[in-house]
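Asker: After the structure tokens below, expect a handful of questions from me.
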Amino acid sequence: MITLSWLYAFAGLIFAAYAVLSARDRTNGKRFGNAAFWALLALSFLGGDRLGDLGNGLLLLCLVGLAGFGALGRGLPRTTGPEEREALSARHGNRLFLPALVIPASTLAGTLLLKDSGLFDPKQVTLLSLGMGVVIALIVACIWLRPPPLAALEEGRRLMDSIGWAAILPQMLAALGAVFALAGVGEVVGGLAGRILPDGNLFAAVAIYALGMALFTIVMGNAFAAFPVMTAAVGLPILIRGHGGDPAVVAAIGMLSGFCGTLMTPMAANFNIVPVALLELGNRNAVIKAQLGTALPLLAANLLLIYLLAFR
Amino acid sequence: MTNWLLLSGIAVVVIGFLLRLNPLPVVAAAALVTGLSAGLDPVAIVSAFGRAFNDNRYVNLIWIVLPVIGLLERYGLQQRAGALIARLRGATAGRLLLAYLIIRQGFAALGLTSIAGHAQTVRPLVAPMAEAAAARERPLLDRDSRDRVRAFAAATDNVGLFFGEDIFVAIGSILLIVGFFAQNGITLAPLQLSLWAIPSAILALLIHGTRLLMLDRRLGGPGGR
């Protein structure tokens with residue numbers, strides 16, 4: 001059966017190739033910094049389970065050190081220029097979309113059809129289907145377009161270098177969340193929210209719950225971390241047990257209040273910071289700025305929804 | 001007795017982001033001071049940090065799509081996406097992104113969250129399409145306006161995902177809620193939770209959709225700013 005470790009090995013080999021290609025790339029003044037960064041990431045994917053906890057921690061500190069001391073540059077592998085691309089796009093036509101659409105189509109089909117096939121680990125069927133889609137798309141594109149050898153890896157490296165250290169920020173923030181949980185940060189924040197609660201005022205209690213979900217999500221970058229803390233401190237004892245609120249309404253809309261916080265925080269790096277790199281935006285907070293106007297009214301609406309729907 | 005020092009890590013993160021320092025060392029420092037104020041020794045902190053990093057490797061798997069996307073870009077995928085939209089009459093950046101919002105939210109509500117995303121769809125398709133639609137009316141689209149259109153493309157993907165996925169009964173957040181309440185002696189059916197996610201989903205569509213249609217006006221007229 002194909003499991004997640006196959007996909008980790010695949011990703012590890014790709015990053016190992018980026019490391020080798022980076023080391024050979026003389027267009028990048030910091031080529032050995034990039035090579036070391038991608039090599040460490042390759043090691044994490046290929047051997048992370050055998051490095052031990054301390055080994056993984058030290059690997060992570062090396063990645064942090066490389067990023068912190070500005071050791072990463074940007075390689076410029078040979079690719080096509082804008083005019084060439086216009087011409088190529090006119091020549092190949094709309095069929096160019098086909099390989100790109102293979103990835104979502106395979107993810108969709110695999111998730112729906114291969115769950116009980118015994119071929120894929122059923123718990124990871126979506127990610128594995130995504131991996132399958134990438135392999136199929138690569139094969140289709142290589143047969144049809146006949147690119148030079150290594151072109152796919154060089155183009156992948158070009159995009160990866162443009163993302164740079166931001167690539168591992170989401171994973172690091174998830175790890176920070178684990179350290180926060182181990183240290184008991186959530187209990188302190190929850191206690192704080194419980195303490196500023198005025199007695200008996202239902203609307204104020206709903207407001208503290210909804211706004212607290214959003215605020216704590218902004219801090220942690222993840223509504224999943226905020227939910228147990230805020231619900232144990234305010235939602236369950238006061239809204240549900242104290243005022244008789246419907247637990248399904250409080251929980252469902254409470255979680256979505258947290259998602260409004262996710263739209264407003266750089267800590268949710270994979271949603272808000274990584275696209276800035278991917279889309280080559282000038283301002284690091286450009287995506288968050290575009291989302292504020294949606295997140296704030298939606299948070300207010302969620303607050304009102306809990307107040308109006310949970311206590312009928 | 002509350003140990004307020006435990007919040008020092010949060011302070012480190014906030015200050016680091018405000019000063020626009022490189023986030024990786026900031027996050028590592030936040031983990032360190034939080035662990036120290038909880039009385040952990042440095043080796044235990046680094047180990048816990050490394051273990052969690054290793055457990056979360058799947059977050060980084062999405063980068064395996066980049067060789068495909070990069071290869072297709074080499075052959076003009078983004079130009080093709082732009083050309084397709086440029087020929088479509090009546091297509092504006094706002095209307096196009098509104099259509100994407102509806103599709104993204106709809107698929108997420110069916111539990112199909114990974115079929116789209118910033119690497120798979122926004123960079124290669126949605127952003128260039130929206131940009132081409134904006135540039136069609138405004139040949140002199142300046143860099144600020146172009147960046148704004150791109151940022152809205154990313155924002156639209158996020159809003160569609162977040163406020164669609166909770167309508168699906170087997171998504172992580174729903175399972176987390178059910179588990180939390182089970183521990184506290186309250187039985188919740190996943191279906192109840194996904195039904196109560198619908199009012200917020202509709203409001204998200206209305207609020208963000210309205211802003212998308214307003215985006216066309218804010219970008220200004222032909223050649224405008």
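Asker: Restricting attention to the range B:16-48, which residues are more than 7 Å from chain A (Cβ to nearest Cβ), assigned to a helix (DSSP H, G or I), within 22 Å of A:A277 (Cα to Cα) and out of contact with any Gly (no Cβ under 7 Å at 6 or more places or on another chain)?
Answerer: Scanning the range B:16-48 gives B:G16, B:L18.
Asker: Right, here's the next one. When only residues in the range A:277-291 that are more than 7 Å from chain B (Cβ to nearest Cβ) and in contact (Cβ under 8 Å) with a residue 40 or more places away in the chain count, which is surrounded by the fewest Cβ atoms within 10 Å (Cβ to Cβ)?
Answerer: A:E280
Asker: Taking B:A81 as the residue in question, decide whether it is more than 29 Å from A:L96 (Cβ to Cβ), crowded, with 21+ Cβ neighbours inside 10 Å, in the same structural domain as B:V149 (by TED's automatic domain parsing) and aliphatic (A, V, I, L, M). Write out each step before concluding.
Answerer: Working: more than 29 Å from A:L96 (Cβ to Cβ): no; crowded, with 21+ Cβ neighbours inside 10 Å: yes; in the same structural domain as B:V149 (by TED's automatic domain parsing): yes; aliphatic (A, V, I, L, M): yes.
No, not satisfied.
Asker: Could you go through the range B:103-121 and let me know if any residue there is polar (S, T, N, Q), at pLDDT 90 or above, assigned by TED's automatic domain parsing to the domain that holds B:P190 and over 19 Å from the mean Cα position of the chain (by Cα).
Answerer: No, the range B:103-121 has no match at all.
Asker: What do you reckon, is A:A225 in contact (Cβ under 8 Å) with a residue 12 or more places away in the chain and farther than 19 Å from B:T34 by Cβ?
Answerer: On the way: in contact (Cβ under 8 Å) with a residue 12 or more places away in the chain: yes; farther than 19 Å from B:T34 by Cβ: no.
Spelling it out, it is not the case that A:A225 is in contact (Cβ under 8 Å) with a residue 12 or more places away in the chain and farther than 19 Å from B:T34 by Cβ.
Asker: Of all residues being of a type in the set (V, I, T) and closer than 24 Å to B:R51 by Cα in the range A:1-50, which is modelled with the highest pLDDT? Just the residue, please.
Answerer: Here is the first cut: in the range A:1-50, the residues of a type in the set (V, I, T) are A:2-3, A:14, A:20, A:27.
From the residues that got through so far, the ones that are closer than 24 Å to B:R51 by Cα too are A:2-3, A:14.
On the way: A:I2: 88, A:T3: 89, A:I14: 97.
Per the criteria, the residue is A:I14.
Asker: Related question: Please verify whether A:T107 is polar (S, T, N, Q), in a loop (DSSP other than H, G, I, E, B) and either at the interface with chain B (Cβ under 8 Å from one of its Cβ atoms) or over 28 Å from A:P147 (Cα atoms) (or both), treating the condition exactly as stated. Spell out the reasoning first.
Answerer: Values: polar (S, T, N, Q): yes; in a loop (DSSP other than H, G, I, E, B): no; either at the interface with chain B (Cβ under 8 Å from one of its Cβ atoms) or over 28 Å from A:P147 (Cα atoms) (or both): yes.
Spelling it out, it is not the case that A:T107 is polar (S, T, N, Q), in a loop (DSSP other than H, G, I, E, B) and either at the interface with chain B (Cβ under 8 Å from one of its Cβ atoms) or over 28 Å from A:P147 (Cα atoms) (or both).
Asker: Among the numbered criteria (1) more than 30 Å from B:L191 (Cβ to Cβ); (2) without any contact (Cβ under 8 Å) to a residue 12 or more places away in the chain, which one does B:L97 miss?
Answerer: Condition not satisfied by B:L97: (2).
Asker: From A:R241, A:R158, A:R195, which residue is over 24 Å from B:N184 (Cβ atoms) and basic (K, R)?
Answerer: On the way: A:R241 fails: over 24 Å from B:N184 (Cβ atoms); A:R195 fails: over 24 Å from B:N184 (Cβ atoms).
Answer to the check: A:R158.
Asker: Can you give me the number of residues within the range A:156-178 that are of a type in the set (S, T, N, Q) and facing another protein chain (nearest Cβ under 7 Å)?
Answerer: Going through the range A:156-178, the residues of a type in the set (S, T, N, Q) turn out to be A:162, A:171.
This time we only want the ones that are facing another protein chain (nearest Cβ under 7 Å), so: A:171.
Count: 1.
Asker: Out of curiosity, is A:G186 without any contact (Cβ under 8 Å) to a residue 60 or more places away in the chain and more than 8 Å from chain B (Cβ to nearest Cβ)?
Answerer: For A:G186, the condition - without any contact (Cβ under 8 Å) to a residue 60 or more places away in the chain and more than 8 Å from chain B (Cβ to nearest Cβ) - is met.
Asker: Quick check: is even one residue across the range B:128-137 surrounded by 22 or more Cβ atoms within 10 Å (Cβ to Cβ), facing another protein chain (nearest Cβ under 8 Å) and within 27 Å of A:M132 (Cβ to Cβ)? Lay out the reasoning, then the answer.
Answerer: Initial filter on the range B:128-137 (surrounded by 22 or more Cβ atoms within 10 Å (Cβ to Cβ)): B:128-134.
In the following step, the residues that additionally are facing another protein chain (nearest Cβ under 8 Å) were identified as none.
So far as the range B:128-137 goes, no, none of its residues is surrounded by 22 or more Cβ atoms within 10 Å (Cβ to Cβ), facing another protein chain (nearest Cβ under 8 Å) and within 27 Å of A:M132 (Cβ to Cβ).
Asker: Residues that are more than 7 Å from every other protein chain (Cβ to nearest Cβ), surrounded by 14 or more Cβ atoms within 10 Å (Cβ to Cβ) and in a helix (DSSP H, G or I): does the range A:64-79 have at least one?
Answerer: So far as the range A:64-79 goes, yes, one or more of its residues are more than 7 Å from every other protein chain (Cβ to nearest Cβ), surrounded by 14 or more Cβ atoms within 10 Å (Cβ to Cβ) and in a helix (DSSP H, G or I).
Asker: Right, here's the next one. Exactly one of (1) at pLDDT below 90; (2) surrounded by 24 or more Cβ atoms within 10 Å (Cβ to Cβ); (3) of a type in the set (S, T, N, Q) is unmet by B:Q192. Its number?
Answerer: (2)
Asker: Continuing with the same structure: Residues that are free of Cβ contacts under 8 Å to residues at least 60 places away in the same chain and closer than 21 Å to B:I69 by Cα: find the helices (runs of 4 or more DSSP H) completely inside the range B:116-195 holding 1 or more of those. Full working, then the answer.
Answerer: On the way: elements: B:127-137, B:143-165, B:172-183.
Because the criterion is at least 1 residues that are free of Cβ contacts under 8 Å to residues at least 60 places away in the same chain and closer than 21 Å to B:I69 by Cα, the helices (runs of 4 or more DSSP H) in the range B:116-195 that meet it are B:127-137, B:143-165.
Asker: Could you list all residues from the range A:116-142 that are surrounded by fewer than 15 Cβ atoms within 10 Å (Cβ to Cβ), free of Cβ contacts under 8 Å to residues at least 24 places away in the same chain and not aliphatic (A, V, I, L, M)?
Answerer: Selection gives A:D116, A:S117, A:P122, A:K123.
The values are calculated or read from the model by the stated rules, or taken from the named source; none is laboratory data. As the structure is a computational prediction, the values presented were derived from the model and not from experiment. Using ideal geometry, Cβ is built from the backbone for each residue, glycine included, and neighbour counts are taken over all protein chains shown.
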